[in-house]
Amino acid sequence: MDIKKFIRSIPDYPKKGILFRDITTLIKNEKAFEETINQIVEKSKKYKFDKIAAVESRGFVFAAAVSYILKKPFIMLRKKNKLPADTHSIDFELEYGTATIEVHKDSFNEKDHVLIIDDLIATGGTAEASAKLVEISKGKVAAFIFVINLFDLGGSDLLIKKGYKVENLVEFPGH
């Protein structure tokens, strides 16, 4: 099944000039969603990892299902002030602003290899911040798996140049 045809493109969202790749049309189709999860699980078999992490919020959709199938702990990387216990925080740049993500300080230890899953990679700012968050928490990034790579925005290349392993299921040009 070609999951790419289940991803809707919405022009001028969230601002003029952006062509938004909408995964809601993918996840509302049970067969396309199942195929997506199966493809992520298959790609994950290349890597040794102890935990799965994902960035709020669309990454949670995929990572939780993969975590359930693989019987691996799922760690949420959340937006600022959403976690109740002590956290590590990373500030980073987005294409149209800045943001902060956090993780509980007790989420990872020096023995943990972490698979990071997200719906999309564009410029790589969120993904790089996620890796830093895992690393300041003493974990090691095993690999990244993205459903969508906006290949001409350079995020995957940025991560690869920094020594990370990167996989994706489909590619689109970024706008």
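Nothing in this text is a laboratory measurement; each read-out follows from the coordinates by a stated rule. This is a predicted model, so every value here is computed, not measured. Every residue, glycine as well, gets a Cβ built from its backbone with ideal geometry; the counts of neighbours run over all protein chains shown.
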*asked:* Longer than 20 Å from Cα to Cα, which of Lys48/Lys80; Lys28/Lys79; Lys16/Lys80; Lys46/Lys140; Lys111/Lys165; Lys31/Lys51 are they? Say none if no pair is.
replied: Lys48/Lys80; Lys28/Lys79; Lys16/Lys80; Lys31/Lys51
*If you add up the charges near Val41, with Lys and Arg at +1 and Asp and Glu at -1, over every other residue whose beta carbon is less than 12 angstrom from its beta carbon, what do you get?*
+1
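Please give me the summed charge of the neighbours of Leu159: other residues whose Cβ is under 12 Å from its Cβ, Lys and Arg +1, Asp and Glu -1. The partial results should precede the final answer.
On the way: positive: Lys132, Lys161, Lys162, Lys165; negative: Asp118, Glu128, Asp157, Glu167.
Around Leu159, the surrounding residues sum to 0.
What number, rounded to the nearest 500 deg cm²/dmol, is the helix-based mean residue ellipticity at 222 nm of the chain, given -39500 (n - 2.57) per DSSP H run of at least four residues and division by all its residues?
Numbers: 5 runs with 51 residues, N = 175.
Helix-only estimate at 222 nm: -8500 deg cm²/dmol.
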_Cα centre as origin, Lys/Arg/Asp/Glu Cβ charges: the chain dipole, Debye_ = 300
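How do 118-130, 26-38, 54-66 rank on mean C-beta neighbours within 10 Å, highest first?
Working: 118-130: 22.8, 26-38: 16.5, 54-66: 20.5.
For the peptides 118-130, 26-38, 54-66, the packing ranking is 118-130, 54-66, 26-38.
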*Take the alpha-carbon centre of the stretch 161-175, take the same for the stretch 80-147, and report the distance between them in whole Å.*
17
*Name the residue farthest towards the positive end of the dipole of the stretch 72-175 from the options Ala129, Gly97, Ile148, assuming +1 on Cβ of Lys and Arg, -1 on Cβ of Asp and Glu, about the Cα centre.*
Ala129
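If you filter the stretch 84-151 for trypsin sites (Lys or Arg not before Pro), then keep DSSP loop positions with at most 14 other Cβ within 10 Å, what is left?
Answer in residue order: Lys105, Lys111, Lys138.
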*Mean Cα-pair separation over length for the chain, i.e. relative contact order, pairs under 8 Å, 6 or more apart, %*: 19
